[in-house]
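I have placed the structure first, in the form of structure tokens, so that the comments after it can refer back to it.
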Amino acid sequence: MLKYLAPALVALTLAVAAPAWAADEIRFSDNRISADLTVEGYHLQFAVSFAQAIGLNKSNVDVTVQTISANDYSVLSRLPNRYQTSVLESFPVMLSIKPKQDRGFAFSGEAEIEFYTTSIDFDENIRLFRSHDGGTFEDITHLIAPGSMRARGSSGTFSDFILLVDNRDSRQVSREKAVELASFLNAHIHEFESSFAGNVVALARNVEKHVVNGRHQAALSNLNTMLRSVENANADQVPNIWRSSDDIANIQGEALSKGRSLRFTLNELMRK
């Protein structure tokens, strides 16, 4: 696994314009970035955890926590649905983590992201979204939990992260996630070890078919099998590295992120 990480050895830096908090409130360890902050009156405790990272320290990653306007076009234009997804006016806080491209920071697999805030109460329609490199915000939620508001997800890339209100129909969301997962794996099938690729892509297609036809239990069974296969895969079977030059796809991390988020939505549907 580390054979792809070695060329990317660097340090991470913290840079925030006009911070409302001190730089030393951001904590770095071997495989984790975390903080417990109050930004313009809003409380955010966040953690970003890696299975394995190289060069995770305070040298060359920009970490920004900022409040945004609920009417900010640069955010609104990236919403997946401007009528049914929206910025939380009671918690308009966005976390951005952007390693500098010329420094080579790298990690393997998925990065797990957790938000916790006491500034708002739990709401079952709040989700954790990410937007990579200015793209459309994507629901990456794996878990939401009460105790004020806690949300968890994961990503195979670095991004902007934000809690959004999501009033979309869960069935439609599950279909979109299933189609996206199957399409993503199929688009990268040539990068997998051949026998492993055939099995994983077939499972993803089965998941898509079951979700589209409303067979949620069957979809979940196939999805869990697929996730176990991807989780246990090695770097020779599926590419699993993201680096700050952003020139290679972290297939394992992205597949796990998309699959876990779909599983969350299916579980929510089956509880209703």
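Here are the numbers for this structure:
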item: Candidates S148, S195, S108: whichever shows maximal mean-square fluctuation once the chain is modelled as a Gaussian network with Cα springs under 10 Å; result: S195
item: DSSP loop GluC sites (Glu not before Pro) with at most 15 other Cβ within 10 Å excluded, longest remaining stretch of the chain; result: 194-272
item: Sum of -39500 (n - 2.57) over DSSP H runs of 4+, divided by residues of the chain (222 nm, nearest 500); result: -9500 deg cm²/dmol
item: Ranked I140, I126, criterion: other C-beta atoms within 10 Å, fewest first; result: I126, I140
item: Listed residue pairs exceeding 23 Å between alpha carbons, taken from K100/K258; K58/K98; K177/K272; K98/K177; result: K100/K258; K98/K177
item: Trypsin sites (Lys or Arg not before Pro) restricted to segment 49-142 and DSSP loop, no more than 11 other C-beta within 10 Å; result: R82
item: Residue order, fewest to most beta carbons within 10 Å, for S74, S96; result: S74, S96
item: Fluctuation leader among Q252, Q217, Q52 - the chain, Gaussian network, Cα springs under 10 angstrom; result: Q217
item: Calculated log₁₀ intensity ratio I(q)/I(0) where the Debye formula runs over C-alpha points of the chain, q = 0.11 Å⁻¹; result: -0.62
item: Within-13-Å neighbourhood charge of F46 [Cβ basis; K, R +1; D, E -1]; result: 0
item: Residues H190, H142, H132, sorted so that the one with the fewest Cβ neighbours within 10 Å comes first; result: H190, H132, H142
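No value in this document is a laboratory result; all are computed from the given coordinates. It should be emphasised that the depicted structure is a prediction, and the values quoted were computed from it without experimental measurement. We place every Cβ from the backbone using ideal geometry, glycine too, and count neighbours over all the protein chains shown.
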